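Student: Sending over a structure as structure tokens; questions will come in a sec.
The values are calculated or read from the model by the stated rules, or taken from the named source; none is laboratory data. If you're wondering where the values come from, they're calculated on a predicted model, not measured in any experiment. Here Cβ is always computed from backbone atoms with ideal geometry, including for glycine, and neighbour counts include all displayed protein chains. Remember, those area values only see protein heavy atoms, side chains included, never the ligands or the DNA or RNA. Shrake-Rupley method; radii C 1.70, N 1.55, O 1.52, S 1.80 Å.
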Amino acid sequence: MTAGVPKQYQPLMGKPMLWHAVRVLAVAPIEMVFVVLAKDDKRFTAHDWSAFRGRIEPLYCGGATRANSVHNGLIAAMAAIDADDWVLVHDAARPCLPRADLERLIAECAGDAIGGILALPVADTVKRVAKDEAGVVRIARSEDRTQLWLAQTPQMFRVGLLAQALHAAKGEVTDEASAVEQLGLQPRLVAGSRRNIKVTYAEDLAIAEAILRDAPQ
């Protein structure tokens, strides 16, 4: 995204993308939505969040990485949450999360000892690549896609477990499940949907708008 506006504030159907990501979470049984922002964020207060009054709280404690931001957010929210509470971590760049996916994740993980994530089985053939001596990218081999899933969000874990996992995490941790896996645990996979698109490229905005226009209100 190169429009000069942070991705989460890109306009989408007259609202910032972040507004749509919050909207689907600001419903029962979720008690509070904490929005983790950069410490110097000046854009959040420029938008109208009145639709979520009493159910949304900004936390100006974002870090250099996703893992840092989530860990900082958990620490900042500790006065309002307990270690045994469930927390769902969602991407601001996923504005089209279907309510049915959210309900399915909560229902299937609520009784799980570890927690879990929304994910999709890989549908395309996956190629591992390598560069030859001339720097040309070539296929090294094909991967067995039957063993591969694409991680989505929300990702749902107990507050204490997730805080412990993120505090102890080593190396690149690109989602919460990766940190939990480093503790030797195996989070549950809950089937998501293709509607839960992650907006990554400029053209994804048009796809997201089409999904939102088609979604039940």
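Student: Distance in nm between label sites at T200 and E143, each 7 Å beyond Cα in the beta-carbon direction?
Tutor: Placing both labels 7 Å along Cα→Cβ, they lie 1.2 nm apart.
Student: Can you run phi through the Karplus equation (6.51, -1.76, 1.60; θ = phi - 60°) for segment 108-114 and list ³J(HN,Hα) in whole Hz, with x for Gly and Pro?
Tutor: So the Karplus estimates, Gly and Pro as x, are 7, 8, 4, x, 8, 6, 10 Hz.
Student: Please report the accessible area of E181 (heavy atoms, 1.4 Å probe, ligands and nucleic acids excluded) in Å², nearest 10.
Tutor: Roughly 100 Å² of E181 is accessible to a 1.4 Å probe.
Student: Can you give me the relative contact order of the chain as a percent, contacts being Cα pairs under 8 Å and 6 or more apart?
Tutor: Contact order relative to length: 23 percent.
Student: Filter the cross-link list K127/K198; K7/K39; K42/K170; K15/K39 down to pairs whose alpha-carbon distance in this structure exceeds 25 Å.
Tutor: Those over the limit are K42/K170.
Student: Just the projected area, averaged over all directions, of the convex hull on the alpha carbon atoms of segment 51-98: how many nm²?
Tutor: Across all orientations, segment 51-98 yields a mean hull projection of 4.5 nm².
Student: Which value at 222 nm does the chain reach when only helices count, each DSSP H run of 4 or more adding -39,500 (n - 2.57), with the total divided by all residues and rounded to the nearest 500 deg cm²/dmol?
Tutor: Roughly -7500 deg cm²/dmol at 222 nm, from the helical runs in the chain.
Student: Just by accessible area at a 1.4 angstrom probe, what is the order of H20, H47, H167, H71 from largest to smallest?
Tutor: H167, H47, H71, H20
Student: Another one. Stretch D48-V129 to full length: gain in nm at 0.36 nm per residue minus the Cα-Cα span?
Tutor: Value of the extension gain: 24.6 nm.
Student: Could you sort the peptides 148-156, 7-15 by per-residue average Cβ neighbour count (10 Å cutoff), highest mean leading?
Tutor: Sorting 148-156, 7-15 by mean packing, highest first, produces 148-156, 7-15.
Student: Something else now. Can you quote the Å³ per residue value for the convex hull of the Cα atoms in segment 3-62, rounded to an integer?
Tutor: Per residue, the Cα convex hull of segment 3-62 comes to 87 Å³.
Student: Next up: Could you work out how far the C-alpha centroid of segment 86-104 sits from that of segment 151-201, in angstrom?
Tutor: 13 Å
Student: Radius of gyration and Dmax for segment 37-152's Cα atoms, expressed in Å?
Tutor: In Å, with Rg to one decimal and Dmax whole: 19.7, 59.
Student: Relative to the present Cα-Cα distance, how much length would full extension add between A79 and L185 at 0.36 nm per residue of separation?
Tutor: Contour length minus Cα-Cα distance gives 35.5 nm.
Student: Rounded to the nearest whole Å², what accessible area per residue is found for segment 51-160 with the 1.4 Å probe?
Tutor: 55 Å²
Student: With the alpha-carbon atoms as the only input, what is the per residue convex hull volume for the chain in Å³?
Tutor: 160 Å³
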